[in-house]
Amino acid sequence: MAALAQDEAAPMVRRAHLARQTLVFSGLLTLFAVAFVVSLCVGRFAVPPARALELIWLGATDPWRELATIDERIVLLVRAPRVVLAALAGAGLALSGAALQGVFRNPLVSPDILGISQGAAFGGALGIMLGIWGFPLISMVFLSGMAAVVLVGLISRINGRSETITVILSGLVVSSMFSAVVSLLQFVADPNTSLPAIVYWLMGSFATATWERTLIAAPGLIIGGAFLWMLRFRLNILSLDEAEAQSLGAKTNRERWMVFGLIAVIVGSQVAVSGIIGWIGIVIPHASRLLVGHDHRALLPASVVLGAGFMVIIDTLARTATAAEIPLGVITALVGAPIFAMLLRNHYRERNGS
Amino acid sequence: MIGLENATVRFGPRTIIEGLSFSVPVGRTLAILGPNGRGKTTTLKAMLGFQPLDAGRRVAPDIVGYVPQTGTSNQRYRALDVVVMGRAAHLGIFGQPGAEDFQIAHSALERAGAARFADHYFDRLSGGERQLVLLAGAIATGSQVLVLDEPAAALDLHNQERLLTLLNTLRQPRDKAIVFTTHDPNHALSSADDALLMMPGGQPLFGRVAETITPQHLENLYGVPMRVVELAGPSGETHQAVLPAFAGIRAA
């Protein structure tokens, strides 16, 4: 009798689950859309929302049009590339964090842990010091980020395989090596020219965003993200115990490095155009897990939308809260750290409770 | 069909198994018996291909339905999603499970008697319930070979009985090769055709249950005097049961 009642209840449970997911995703998408439009409107020169929407429509339907009026130029040339870049970067970082936490079976790791951010920072600092700008600088940042991952791979590979814990520790080692060199570069940099540029860039900012920079970062972010999205079910498998994953046909070692490579592409592209932005990769996946659960098939898209929305909001705050721009890294840490502390306490309270 | 041929595994200077050969054809069930630390788990891992062999050969199909002792992910998945992961080997690295895979997962849950947990969170289930879900996952792989690591180790008597009954229903159609490890010879008597005894001194004994599960062999195996008694089952037939000599003696 009880079994019968449960059999009938099962589809209802499933329907309730589906309804909840739909609700959460529409909420997240609304949040992102609102943040996007508000960000285009606010600033030193305010634009009414209706006009902003009209301008987006005009810009999207006829991108090569002559931009005559001042509000057109501000919205489409200054704010729009910045908002799009912020959204892409936030989405990429959150996605990388979610994937990495799954692969490491550890909810506390983030893209910084593999040394990608610090490696990329080294390339950027060196480039700025040598007076390189534009595309060469960006490729340098990207390559040094990749170099950091390769280095982590070489150090952690012992007897033909790399254990999770050695990967994390090697990441730490490579990270501190690169950050020491970055400090050295700052020490010897010219305090009148390159030092402020390096420091500002290290703290992360979208202030320099242009369509050109957005287009440089976009391919890496989108291609890396698309591949991670295709791997969403595989990430479920990789998040299992090593032996279980292998018994299901996964080449765990090789596939894990494939995920690391994709994350290096994403984070490298992001750091190249907007400097180091911490915390997104750890706070957003956690919040998304609370909303949609741990299954990567739902977690990845939720992280993308929430990460994009959150990054746009943070960036809008960064440029409007005070007369001068506040570095992004400062705000993400100020907002992210307390949220993370709260999540951490809730996580362990719940675990001890059950 | 799954098995090892002349397999040797060493951990540094220690030889865990040496020249071990056995095979389990489709339709038969093997119980691997032995006290702790005699290489039961190593044998299992070698058979599954997780443990590289220092010598010898492993015979196994590409996909083996493996039932670990406990699911050890810290991720929170629904039981149905855990079972559907059993389909991974058929989907490839970029594949996504479709309606058909969920259908297979559902019927696997039903075969394992765990259909009522389908929508529960796996990490909220009890040890015995998780075991059933993991078994469903192994069935969902569609492999002809099932390998269970100490399936009854963490179960109370009631759940042991349920698990053994379930194993016997899976055995019945004789369309699978099943291997499980256990430290209780009674599990071998009730649910296996063959037994592999991990004897002290490294000379394992492999053969039919009737020939291997005898008091002498078991005394050798565990270092405890053993008795085999015949008991009347619930419907009148006789069952064999193995008891260590200290069982059935009332403490003064």
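Worth a mention:
- Output for the range A:296-308, where each listed residue is crowded, with 23+ Cβ neighbours inside 10 Å and not β-branched (V, I, T): A:H296, A:L299, A:L300, A:A302, A:S303, A:L306, A:G307, A:A308
- First in the range A:12-35 and away from chain B (no Cβ under 12 Å) and under 13 Å from B:D119 (Cβ atoms), second anywhere and of a type in the set (A, V, I, L, M, F, W, C) and in a helix (DSSP H, G or I), Cβ under 9 Å, 6 or more apart: A:R20/A:V292
- Some residue of the range A:163-183 being in a helix (DSSP H, G or I) and in contact with a strand residue (DSSP E or B) (Cβ under 9 Å, 6 or more places away or on another chain): yes
- Of the residues B:D62, B:D81, the single one that is part of a loop (DSSP other than H, G, I, E, B), farther than 25 Å from B:A153 by Cβ and in contact with a helix residue (DSSP H, G or I) (Cβ under 9 Å, 6 or more places away or on another chain) is B:D62.
- Counting only helices (runs of 4 or more DSSP H) that sit completely within the range A:204-265, those holding 2 or more residues that are more than 29 Å from B:Q69 (Cβ to Cβ) correspond to A:211-230.
- Check on A:A308, away from chain B (no Cβ under 12 Å), touching a residue at least 40 places away in the same chain (Cβ under 8 Å) and touching a Gly at 6+ places or on another chain (Cβ under 7 Å): yes
- Subset tally (residues that are more than 14 Å from chain B (Cβ to nearest Cβ) and in a helix (DSSP H, G or I)) for the range A:266-300: 15
Okay, residues lined up against (1) more than 27 Å from B:A192 (Cα to Cα); (2) of a type outside the set (D, E, K, R); (3) assigned to a loop (DSSP other than H, G, I, E, B):
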site: B:G3; (1), (2), (3): no, yes, no
site: B:R10; (1), (2), (3): yes, no, no
site: B:G19; (1), (2), (3): no, yes, no
site: B:G27; (1), (2), (3): no, yes, yes
site: B:T43; (1), (2), (3): no, yes, no
site: B:A46; (1), (2), (3): no, yes, no
site: B:G86; (1), (2), (3): no, yes, no
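- Among the residues of the range B:229-246, those identified as over 18 Å from B:T182 (Cα atoms) and in contact with a strand residue (DSSP E or B) (Cβ under 8 Å, 6 or more places away or on another chain) are B:V229, B:E230, B:L231, B:A232, B:G233, B:T238, B:H239, B:A245.
- Evaluating B:R116 against the criteria (1) more than 10 Å from every other protein chain (Cβ to nearest Cβ); (2) within 22 Å of B:L170 (Cβ to Cβ) leaves one unmet condition, (1).
- Candidate set from the range A:243-297 (those that are among the aliphatic types (A, V, I, L, M) and closer than 30 Å to B:M47 by Cβ); member that is modelled with the lowest pLDDT: A:A243
- Candidates A:R234, A:R289, A:R256, filtered to the one that is touching a Phe, Trp or Tyr at 6+ places or on another chain (Cβ under 8 Å) and not hydroxyl-bearing (S, T, Y): A:R234
- Failed item, numbered, when A:G204 is tested on (1) within 14 Å of another protein chain (Cβ to nearest Cβ); (2) crowded, with 20+ Cβ neighbours inside 10 Å: (1)
- Residues that are within 20 Å of B:Q144 (Cβ to Cβ) and either more than 14 Å from chain A (Cβ to nearest Cβ) or surrounded by fewer than 21 Cβ atoms within 10 Å (Cβ to Cβ) (or both), drawn from the range B:46-65: B:L48, B:G49, B:F50, B:R57, B:R58, B:V59, B:A60, B:P61, B:D62, B:I63
- Cross-chain or 6+ apart pairs with Cβ under 7 Å, the range B:86-97 first and within 7 Å of chain A (Cβ to nearest Cβ), then of a type in the set (D, E) and not in a loop (DSSP other than H, G, I, E, B): B:I93/A:E255
- Which listed residue is within 11 Å of chain B (Cβ to nearest Cβ), touching a residue at least 40 places away in the same chain (Cβ under 8 Å) and under 24 Å from A:R157 (Cα atoms), from A:L262, A:L238, A:L248: A:L238
- Only a single item in (1) farther than 26 Å from A:L114 by Cα; (2) of a type in the set (S, T, Y); (3) buried (at least 21 other Cβ atoms within 10 Å of the Cβ) is not met by A:S175, and it is number (1).
- Residues located in the range A:42-64, provided they are assigned to a loop (DSSP other than H, G, I, E, B), among the small types (G, A, S) and either modelled with pLDDT of 90 or more or loosely packed, with under 14 Cβ neighbours inside 10 Å (or both): A:A46
- Evaluation of A:E163 against (1) at pLDDT below 90; (2) surrounded by 18 or more Cβ atoms within 10 Å (Cβ to Cβ) (one fails), failing number: (2)
- Residues (closer than 20 Å to A:H286 by Cα and touching a Leu at 6+ places or on another chain (Cβ under 9 Å)) located in the range A:306-339: A:L306, A:G307, A:A308, A:G309, A:F310, A:M311, A:I313, A:I314, A:G329, A:I331, A:V335
The values are calculated or read from the model by the stated rules, or taken from the named source; none is laboratory data. Owing to the predicted nature of the structure, the values given are computational and were not obtained by experimental measurement. Cβ coordinates were reconstructed from backbone atoms using ideal geometry, including for glycine residues, and neighbour counts include every protein chain displayed.
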